[in-house]
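What follows is a short report on a single structure.
Rule-based calculations on the coordinates, nothing more; no lab input. Since the structure is predicted, the reported quantities are computational estimates derived from the model, not experimental observations. Cβ sites come from the backbone with ideal geometry, for glycine too, and all protein chains shown count toward neighbours.
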Amino acid sequence: MKKTVSYHSGVRFVGAFIASVYMLFHGRPFDLIFALTTSEFYLAFIVSFGIALILVQIVHSSTLWLDRRICWRRHPVERSIMQFTLGVVLPLCVDLLIISVYFYSRNEDILTNGFLLIDFPLIASFIIFLNIYYLIHHLLQTETKEDEAAGILTIRHNGLYRNLNVAEEVFYIYRLGKQITLITFDGDEYNIDGSLKALEKRFGADGMIRINRSVIFNFNIVQGYENGGKRNTLKLITERKYEDILTQYGADRFIVTNEHIGTVMEWFPEISPK
């Protein structure tokens, strides 16, 4: 089941900055005044900061990709293995490659200049710490009551209660005036209490994504997107078996408007609008 968690971009930038500055003085005398007066320091800082940003972005992108595919809470072992592979091993391999090229251009050997013994263990620690931050942040943002964590919405209809598995049973939710209506894949309609904002926050981790002012859509059936008929809009590409149902309810209802385009793109960072 896909999971969506919002991670602060500022943390990535600040983390890369602090890590790059620390790396420049690690194992060396701390003389900031002298460093700021030498051109070599600025060149080294640019290289270090650039590499740090690349590594941080790899961890970030890998985590987002895994969040949509492997749940930490439900598959902790599988997620840990994949997170370590993509969030730790991959960026460290990229770092070794970039640093090797950099030192080669300076006629230095990465095997003999002390990088592997002094700097590389610190970089590995930084990458591991960053992954731990993502894990803690994810668990805190997805901490919910038991029924919410399971993606269950309890509704009351005709005096009876029904538990809906949101990811598997709810097609979309829309607002008309002050009334919120839920549509299932079977075509059943239920009027429910609450607001779209509250429902989006509660079930966003289960694939229910806001696409415009009136609709929350089940992204577990979405395969991609393309440019909409109007400027700054997107058209969702769903599994083929749902295309007729979308047409039945009115395709215009499911257009992604400008303010929600960023959210959709976060779900599909590997593609661009066609």
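A few remarks follow.
- Contour excess over end-to-end distance, with Cα ends at D193 and I54 and 0.36 nm allotted per residue: 45.6 nm
- Neighbour-count order for C93, C71, fewest beta carbons within 10 angstrom listed first: C93, C71
- Per-residue [θ]222 nm for the chain (sum of -39500 (n - 2.57) over DSSP H runs n ≥ 4, rounded to 500): -14500 deg cm²/dmol
- When Cα extents along the principal axes in Å is computed from the coordinates, the matching label among (i) 58, 37, 32; (ii) 72, 69, 34; (iii) 75, 41, 33 is (iii).
- Put the Cα centre of segment 162-211 next to the Cα centre of segment 86-108 and the gap is 47 Å.
- The slack between M265 and Y22, meaning 0.36 nm per residue of separation minus the straight C-alpha distance, is 84.1 nm.
- Looking at segment 164-217, none of the GluC sites (Glu not before Pro) sits in a DSSP loop with at most 13 other Cβ atoms within 10 Å of its own Cβ.
- Each of T63, T263, T112, T181 was scored by other Cβ atoms within 10 Å of its Cβ. Listed from fewest to most, they are T112, T181, T263, T63.
- Only Lys, Arg, Asp and Glu carry charge here, each on its Cβ (+1 for the first two, -1 for the last two); on that basis the chain has a dipole of about 660 debye about its Cα centre.
- Note on N258 and S105: with the Förster distance fixed at 51 Å, the Cβ-Cβ geometry gives a FRET efficiency of about 0.70.
- Within segment 151-254, the trypsin sites (Lys or Arg not before Pro) that combine a DSSP coil assignment with at most 16 other C-beta atoms in a 10 angstrom radius are K178, R213, K230, R231.
- Here the extension length gained between R156 and I128 equals 5.5 nm, from 0.36 nm per residue of separation less the Cα-Cα distance.
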